[in-house]
1. Within the stretch 40-60, restricting attention to residues that are within 15 Å of GLU8 (Cα to Cα) and not β-branched (Val, Ile, Thr), which residue is surrounded by the most Cβ atoms within 10 Å (Cβ to Cβ)?
2. Looking at (1) surrounded by fewer than 15 Cβ atoms within 10 Å (Cβ to Cβ); (2) of a type in the set (Ser, Thr, Tyr); (3) within 16 Å of ligand 1 (Cβ to nearest atom), which one does SER112 not meet, given that it meets all the others?
3. Take the stretch 1-29 and flag every residue that is of a type in the set (Asp, Glu) and either in contact with a Pro (Cβ under 6 Å, 6 or more places away or on another chain) or surrounded by fewer than 15 Cβ atoms within 10 Å (Cβ to Cβ) (or both).
4. Scanning the stretch 1-45 for residues that are in contact (Cβ under 8 Å) with a residue 24 or more places away in the chain and among the charged types (D, E, K, R), which turns out nearest to ASP64 (Cα to Cα)?
5. Out of all the residues in the stretch 68-97, which are closer than 18 Å to LEU7 by Cβ and among the hydroxyl-bearing types (Ser, Thr, Tyr)?
Amino acid sequence: ALYLKALEVQGFKSFPDKTVLSFGEDITAIVGPNGSGKSNISDAIRWVMGEQSTRALRGGKMEDVIFGGTAKRKQLGFAEVSLVLDNTEHIFPNMDESEVMVTRRYYRSGESEYYINRRSVRLKDVNELFMDTGLGREGYSIIGQGKIDEILSVKSADRREVFEEAAGISRYRHRKEEAERK
Ligand code: ATP
Ligand code: MG
């Protein structure tokens, strides 16, 4: 089955040091006191999957994802997150590898880097990778606080997008729209 194997964060929000979270095939729960960084972990997953909305990332500007320093520690110059996904069942159709690792790095200078299995790629490639796996950031795999209400109440066109992603047809709609623009 498609599942998250690991998440590596370094310099992201409240994680200045390289931190590796390994997930099993079973249910994983992240627990901790208020302010300990639980939501920052789901932000990291959203971010590495290509999220561009700083509001969705609970910040004002993209730089806010970089560790901003504490009384004891200097701010860092960049944030990096890697997400490792199982691909033994080839859920990512264009990837031969049994594991898919997606990496995003962002520098204070404003420069972004994206990698798929350590190969430098564009944001567009990351978006296309996730499109229609059901893992896309517009899909149903990450349900944030308030998202249930949104699915129940948003405009029918937005709701339809969620179902299109789930049904695996958004890739085709996306390609069609792209072709029409040319
Ligand atoms: P709650 O249980 O209240 O939801 P939580 O475990 O979800 O808490 P988070 O929201 O993940 O907590 O983490 C909040 C902490 O992350 C705050 O202490 C905040 O200062 C810190 N933080 C957020 N962005 C940065 C940053 N860029 N640099 C350093 N620390 C940051
Ligand atoms: Mg929280």
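1. ALA44
2. (3)
3. ASP17, GLU25, ASP26
4. So, considering only residues that are in contact (Cβ under 8 Å) with a residue 24 or more places away in the chain and among the charged types (D, E, K, R), the one nearest to ASP64 (Cα to Cα) is LYS13.
5. Result: SER82, single match.
Yes/no matrix, rows are residues, columns are (1) away from ligand 2 (no atom under 16 Å from the Cβ); (2) at pLDDT 95 or above; (3) among the acidic types (Asp, Glu); (4) touching a Leu at 6+ places or on another chain (Cβ under 8 Å):
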residue	(1), (2), (3), (4)
THR19	yes, yes, no, no
SER42	no, no, no, no
MET49	yes, no, no, yes
MET62	yes, yes, no, no
GLY68	yes, yes, no, no
ALA71	yes, yes, no, no
GLU89	yes, no, yes, yes
SER112	yes, yes, no, yes
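The values are calculated or read from the model by the stated rules, or taken from the named source; none is laboratory data. What you see is a predicted model; the values in this text were computed from it and never measured. Neighbour counts are summed over all protein chains in view; Cβ atoms, including those assigned to glycine, are modelled from backbone coordinates with ideal geometry.
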